[in-house]
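Data block below; observations after.
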Amino acid sequence: MVLSVIEPAALWLFALAIPLLWFMWLGRADLRRRLGRVRMLALVVVRLALLAALVLALAGLQVGRPVQATATVFLIDASDSVAPAQRAAALAYIEQALATADPDDRMAVIVFGARAAVERVAEPPRPLTRLDSLVIASRTNIEDAIQLGLAILPGTMHQRLVLLSDGGENEGDALVAARLAAARGVPIEVVPLLAERGPDALITALIAPTTASVEQTIPLTVQIDSEVTGPATVQLIVDGQLAAEEPVELATGLNQITLNSPAGAPGFRQFEARLIAPFDAQPANNRAVAFTFVSGPPRVLLITVDPERAAALAAAWRATGIDVTVQAPIQISANPLDLRAFDAVALVDTPAEAVSTALQRALTAYVRDLGGGLLVVGGTQSFGAGGWRRSLLEPILPVALDPPLREERPDLALVLVIDRSGSMSELVDGRRTQLDLAREAVYQASRGLSRRDQIAIIAFDSFADTLLPLQPLPDLFTIEDALSRLVAGGGTNIRSGVVLAAETIAQANARIRHMILLTDGISETDYADLVADLRAQGVTVSTVAIGLDTDPALEQAAQIGGGRYYLVQRAGALPQIFLEETVRIANRDLIEEPFVPALALPSPWLRDLGPLPPLRGRNAADHRSLARALLVADDGAPLLATAQVGLGRVLAWTSDLSGRWAAAWLTWPEFPRFAANLVAETLPLSGGERLSLVASVIANRAEIDLIALDERGLPLELGEIRSRVSGLAINFELVFTQVAPGRYRAITTIDQAGAYLVQVSALDRAGQPLGSATAGFAVSYSPEYGRFAANPGLLADIAALTGGRVDPPPTALFTPTTRAVYDVWPVTIPLLWLALILLPLDIALRRLFVPLPEFTAVPVKRPARRVAAPDLPAPPASPPPPKPAATLSDEERIAALLAAKRRRQRKEQ
């Protein structure tokens, strides 16, 4: 048993014992006289014990008992460089060690690869037959395993780590963790897991030029290191597609094979070389990657539902050398990585209904995350007129689609009267019914409304019901909830629906009140008089007939109601008709008035074009705070506006580029130049010499440095950095941290081999864009699969540094270490209780006096002798006996005490 203290400095308080003894024994003579020698000695002992208890409690006295139990943590390497047979041997080795463990011992198991995982926490020894933890096996991180092993070791036992590995560390620093174990006195025993290797051929490098032009052929050099001679095949994969396959005869040592690949389209080109060799024992190291930037004319993807509306724009671009691909929305992949093959995407007079939600989401990611450019061209089916309000693409547009309220732009109250009779359940395209299309039509009509408009939905069959009461335009969920109650069934009583619609629209306080009636059948009752009454009240009525077997009175009702009649033979066109009718009635989104554009900002490329031709119409739009208007209409509304969105840029042209509004522009000599500048405006701003990127890769750790300089070449402080790393299957953001003036660094770990593109755009402190920079880097296979994956020398260094052994016998893994270990029990609380008990005893010795019983002598009377005595003088009279103390007065008692005091003083002298 040993004693120890936590705070040794507190033991200096024992020095108080010397002045305490002197004060009590020599300085308090009166107390010593009053208490007596025995009681005074007892008081000194009690006070010394009380002082000792308090001082030892403050010092944190501990009592230690020797411990013989051992805690052993086994660190098992589960990386790919360790063969399954070696891991089986490691489990057998552990089983032998467990056979010698005592019940008081503890064992734990950690499995590690790129990271460490706890397979078993410290517990009594029990058999280990398999490993269930899953770790990334493409790396070996011994440091992480040692640190985790130290963290789970019990503290009151002999401690030992057992490392079972081939020592092939390729991530972390095991020696750093070993020094930490040595500082804690924990030995690390190492058990090498070394296996026999078969013949190996590996690709050591794939060399490609950093830049190339579209016309040239890119030379690629594959370096192969082979241990044997034999036939093999080299495959070349370009942007994920197999491009070439060449048989080769490998010689022992270094082989160089040259492959050629066409540069292809401009952009970031990714190359991968793969080796297939029948004799190869390690196929994981038979690949390497590289990249090349291919420069050339910009590539533009032009999206339109009507190629005729975009024909003039496409011709102008081709005349200036721009590569244009024209496709319908349905032909385009909804994968943003596929869109990255184009420098810009142009959306020309295309309604939102034609662009799927997935494609809208892909276009947003293409701009914001991948740095692509987006050009949105107006027309009768674009912007608000195309139903782009509340779409996924609307938030990134540089113009607002709800123009400000003006007197000539009245509010609208719209009541939709929908037939829900049984005939509306008929299929129109094998999967959708007429009622499904009616729901879509209502939804499209709502996208033609602004927030200040009102809408109501009424459904009828034999009777009419209100699905959505008249109210300001609600959110999408409210409209969908109302449409979910639109269920087919019953007859066709159009009059009931018109009656309820008339009652509803009478409540509206809008400048324009309009009703759209949709049906596919013949009404059981007449309703023309109701439509005439509505028209007299200023309400217009339009009718939509589905199919050929509809009520002939519908066309007459539209004429009476001052609206339009639509005969829909192709039910799929129904949603677009509802949108167009809503836009026509609202008379808000299309402004067909001639005007001449005016410069809003002194953009050089626009100023150099000279006088601009007139336009005959445009889409209504308003300014957005984060956008810049380059051209404006006669009322100040934006005509050409641009905005930075994430890494990319978006440009909006709110007129069309066809013969309807821009006929004068199509014959303008500068139109091709203007069209080419539209594309240039969507491309990322070049950072020039102000922004530069440097990327370096060590194993799977990529380090990207961004350097920012001003016009004088001095370091520039950045306000905001937007960045993105993208590969064939990876797309994520980077976080840059300033490491020096004008230098910013981002570090990331990528475990998947491939070529990666880094795109960065930056703003200065004032929020002005500085441009963008691009760089690439390649991550090849992990060193885990290299020729020199094992490192037994590292294992020996770890053992030597911590006092462990190399390949110790399993029977010695649960024996106590040479370091003495004690199970420590703090005694602070018992000492405080002792001090608490001694305190009343101290008080009792000083204050409590127990009186002793008094003894009085009793005189013995003797009989007198009869002897004649001579006459003698009479003896003097004896003083009277003292009175009992109980009969003395206060004055007499005080006088007696004073007399006793004087007698005592004379005696002491």
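Things worth noting here:
- Taken together, the residues in the stretch 132-168 that are part of a loop (DSSP other than H, G, I, E, B) and within 29 Å of the chain's Cα centre (by Cα) amount to 10.
Every residue, every condition in (1) within 20 Å of Ile494 (Cβ to Cβ); (2) buried (at least 24 other Cβ atoms within 10 Å of the Cβ); (3) not assigned by TED's automatic domain parsing to the domain that holds Pro575, yes or no:
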| position | (1), (2), (3) |
| --- | --- |
| Val417 | yes, yes, no |
| Ser423 | yes, no, no |
| Arg431 | no, no, no |
| Asp436 | no, no, no |
| Ala441 | yes, yes, no |
| Gly448 | no, yes, no |
| Asp453 | no, no, no |
| Ala456 | yes, no, no |
| Phe460 | yes, yes, no |
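- Identity of the residue in the stretch 516-549, outside any loop (DSSP other than H, G, I, E, B) and hydroxyl-bearing (Ser, Thr, Tyr), that ends up modelled with the lowest pLDDT: Thr519
- Among the residues making up the stretch 343-355, those that are in contact with a strand residue (DSSP E or B) (Cβ under 7 Å, 6 or more places away or on another chain), under 29 Å from Gly572 (Cβ atoms) and not polar (S, T, N, Q) are Val345, Ala346, Leu347, Val348, Asp349.
- Of all residues in the stretch 824-834, none are at pLDDT 85 or above, β-branched (Val, Ile, Thr) and in a strand (DSSP E or B).
- Of the strands (runs of 3 or more DSSP E) lying entirely inside the stretch 184-230, those containing at least 1 residues that are small (Gly, Ala, Ser) and surrounded by 15 or more Cβ atoms within 10 Å (Cβ to Cβ) are 201-207, 211-213, 217-226.
- Some residue of the stretch 356-374 being in a loop (DSSP other than H, G, I, E, B) and of a type in the set (Lys, Arg): no
- Criterion (surrounded by fewer than 17 Cβ atoms within 10 Å (Cβ to Cβ) and within 31 Å of the chain's Cα centre (by Cα)) met by exactly one of Arg368, Arg361, Arg340: Arg361
- The residues of the stretch 545-567 that are without any contact (Cβ under 8 Å) to a residue 40 or more places away in the chain, crowded, with 21+ Cβ neighbours inside 10 Å and not aromatic (Phe, Trp, Tyr), listed by number, are Ala545, Thr550, Leu554, Ala558.
- Residue check, Thr292 in a loop (DSSP other than H, G, I, E, B) and among the β-branched types (Val, Ile, Thr): no
- Among the candidates Val645, Val650, residue that is out of contact with any strand residue (DSSP E or B) (no Cβ under 7 Å at 6 or more places or on another chain), among the aliphatic types (A, V, I, L, M) and under 30 Å from Phe732 (Cα atoms): Val645
- None of Gly155, Gly149 is surrounded by fewer than 21 Cβ atoms within 10 Å (Cβ to Cβ), over 30 Å from Glu272 (Cβ atoms) and not polar (S, T, N, Q) except Gly155.
- Across the stretch 487-511, the number of residues qualifying as under 17 Å from Gly521 (Cα atoms), of a type in the set (A, V, I, L, M) and part of a loop (DSSP other than H, G, I, E, B) comes to 2.
- In the set (1) surrounded by 20 or more Cβ atoms within 10 Å (Cβ to Cβ); (2) among the aliphatic types (A, V, I, L, M); (3) part of a helix (DSSP H, G or I), Leu302 fails one condition alone, (3).
- Filter result for Ala708 (assigned to a strand (DSSP E or B) and in contact with a strand residue (DSSP E or B) (Cβ under 9 Å, 6 or more places away or on another chain)): yes
The values are calculated or read from the model by the stated rules, or taken from the named source; none is laboratory data. Since the model is a prediction, treat every value here as computed from it, not as a measurement. Glycine also receives a Cβ, built like all others from the backbone with ideal geometry; neighbour counts cover every protein chain displayed.
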